[in-house]
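Here, each number is a calculation from the coordinates, and none is a lab measurement. Keep in mind that this is a model prediction, so the values were computed, not measured. Positions of Cβ are generated from backbone atoms using ideal geometry, with glycine treated the same way; all protein chains shown enter the neighbour counts.
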Amino acid sequence: TRSANCPPDVEQLGSATWTFLHATAAYYPERPTPFQRANMLNLLHSLPVLYPCSHCATHLGEEVKRHPPDVSSRAGLSWWLCERHNEVNERLGKEKFDCTKTDERWRDGPLDGRCD
Ligand code: FAD
């Protein structure tokens, strides 16, 4: 088995990156300033250039072209990102995530408090 100190494989890199992206979207402002919007766009547009899994980066670049990021609000961004992640899920034969559950998963935690 691979030790925790090995370089990340595509799966580990992916789940760490999704965690960062979904959490960042979950805490993005409801009403972002032009400066915040521009920086979010830069972050998203940099991934197809720099993401260190080249076939993942290529796919993402195509998706971002087809579906330009919605950086207008926290809800819009979270939804946009959920849909991009679902496209990858589908392509990999994984289950689709219910995008109405994004805040619960990435910000609020479940109502029963088990994550508090
Ligand atoms: P992940 O898909 O990493 O998801 C982590 C957690 O996010 C899940 O446990 C779930 O709770 C939650 N989640 C799942 N779907 C959603 C959603 N739609 N919205 C919100 N939360 C959700 N791998 C490849 O093999 N080929 C590729 O082309 C590829 N492209 C990628 C492109 C990008 C931009 C990224 C970030 C990753 C890519 N990956 C790719 C990696 C792949 O998406 C997974 O991260 C990896 O397979 C590990 O999957 P996982 O089962 O740990 O869950």
Qualifying helices (runs of 4 or more DSSP H) (wholly inside the stretch 34-116; at least 3 residues being in contact with a Ser or Thr (Cβ under 9 Å, 6 or more places away or on another chain)) = 34-50, 74-91
key: Test result for S3, polar (S, T, N, Q), outside any helix (DSSP H, G or I) and more than 22 Å from C115 (Cβ to Cβ)   = yes
request  = Would you point out which residue out of F97, F35 is within 8 Å of the ligand (Cβ to nearest atom) and at negative phi?
outcome  = F97
key: Meets criteria (within 12 Å of the chain's Cα centre (by Cα) and of a type in the set (A, V, I, L, M, F, W, C)) for L47   = yes
message = What are the pairs with Cβ atoms under 6 angstrom where one residue, in the stretch 21-37, is under 15 Å from P69 (Cβ atoms) and the other, located anywhere, is basic (K, R)? Sequence gap at least six, or different chains.
response = Y28/R74
